[in-house]
Amino acid sequence: MNHAIAADGTRLWYDVHGAGEPLLLIHGQSLDHEMWEGVYTDLAEHHRVVRMDLRGTGGSDAPVDGPYSMELLAGDALAVLDDLGIDRAHVYGFSMGGKVAQTLAASAPERVGALVLGSTAPGGDNEVERPHHASVALRKANTEEGRVLIAHLFYTPEWADSHPETVARILPRNPLRAQRRHYEASLKHDGWDRLPLIQAPTLVVHGEDDELTPVANAELLAERIPDARTLILPGARHGYPHEAAPKATEAVVDFLADHPLS
């Protein structure tokens with residue numbers, strides 16, 4: 001078991017798969033590295049894939065005495081790269097992990113090769129808000145009703161009902177207080193002014209029918225980040241990495257191949 005140590009002493013779990021140019025995967029709010037099941041193995045056929053657990057999730061420590069922020073979580077990502085001796089890596093952030101990835105790319109451009117932003121948003125007043133029923137589902141995430149609602153926001157009902165193991169991996173399992181820290185960090189984040197500072201070649205990927213993070217946010221990111229590309233997946237919801245595979249994964253692999261680190 002591998003752990004990096006953040007600046008404040010927090011232990012951060014990570015693992016490594018495959019060979020090639022490094023690719024750091026950053027999971028969504030109150031999820032962990034297991035959300036990449038069914039995705040990371042295909043990516044690892046082309047890259048040295050690093051999965052990590054942000055603080056408060058999975059095998060990482062869950063300090064809750066103070067607030068979390070995207071800057072703090074981006075620092076955690078750098079700690080993992082530092083522990084592996086990786087000076088520069090491609091970064092793929094999903095949902096809240098996409099906000100972490102934006103922050104990392106803007107604040108430490110020399111550490112990021114190509115950037116992939118999946119199902120994410122800029123935060124702040126410019127973010128297109130999710131509909132009320134999606135917010136209700138998130139607040140009920142630890143109830144049976146909420147778990148069903150979230151499953152059907154991530155995936156079409158037919159796909160969710162036929163893939164219960166995948167659904168289980170996208171439901172929060174971390175401590176309730178840590179869930180609150182993640183929620184507050186995402187809610188308070190405003191990366192609008194930093195987006196034009198991103199120098200990394202960027203691919204914005206989004207499901208057309210996403211209600212947890214409405215697809216209009218993808219257009220905002222692409223307009224704000226210099227020369228960003230977009231891939232909008234028809235019929236896909238928030239959990240496009242699974243339901244829209246292999247198309248989504250192939251697009252990511254091709255994009256990274258077009259923008260090598262060297």
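Taken together, the values in this text are just the output of simple stated rules run on the coordinates, not laboratory data. Since this is a predicted model, take the numbers as computed values, not measurements. Here the Cβ positions follow ideal geometry from the backbone for every residue, glycine too, while neighbour counts run over all protein chains shown.
Of the DSSP beta bridges with both residues in the chain, give the percent that are antiparallel, rounding to the nearest 5. DSSP beta bridges in the chain are roughly 30 percent antiparallel.
Taking Cα centre as origin and charging only the Cβ of basic (Lys, Arg, +1) and acidic (Asp, Glu, -1) residues, the dipole magnitude of region 2-258 rounds to 540 debye.
Distance from the Cα centroid of region 216-262 to that of region 55-78 is 26 Å (rounded to whole angstrom).
Express in nm, to one decimal, how much length is gained between R139 and L171 on full extension, taking 0.36 nm for each residue of separation and deducting their alpha carbon distance. Please report the intermediate quantities before stating the final value.
Details: separation 32, 0.36 × 32 = 11.52 nm, distance 1.22 nm.
Once the chain is fully extended between R139 and L171, it gains 10.3 nm.
Spacing of the modelled spin labels on E37 and N2, each 7 Å from Cα toward Cβ, amounts to 2.1 nm.
Our summary gives the chain a relative contact order of 21 percent, counting only alpha carbon pairs under 8 angstrom and 6 or more residues apart.
Given the rule -39500 (n - 2.57) for each run of at least 4 DSSP H residues, summed and divided by the residues of the chain, what is its mean residue ellipticity at 222 nm, to the nearest 500 deg cm²/dmol? Display every interim value, and only then the final one.
Values: 11 runs with 99 residues, N = 262.
The helix contribution divided over the chain gives -10500 deg cm²/dmol.
Kindly identify region 124-184 as rounded, prolate or oblate by the Cα gyration tensor criterion: order the square roots of the eigenvalues as a ≥ b ≥ c, call it rounded if a/c is under 1.5, otherwise compare a/b with b/c, prolate if a/b is larger, else oblate.
Values: a/c = 2.09, a/b = 1.30, b/c = 1.61.
Oblate.
The lysines whose alpha-carbon is closer than 30 Å to the alpha-carbon of K188, local same-chain residues fewer than 8 away aside, are K99, K140.
Can you give the local net charge around H152? Use residues other than it whose beta-carbon is closer than 15 angstrom to its beta-carbon, Lys and Arg +1, Asp and Glu -1.
Working: positive: R130, K140, R147, R237; negative: E144, E145, E158, D161, D209, D210, E211, E243.
Around H152, the surrounding residues sum to -4.
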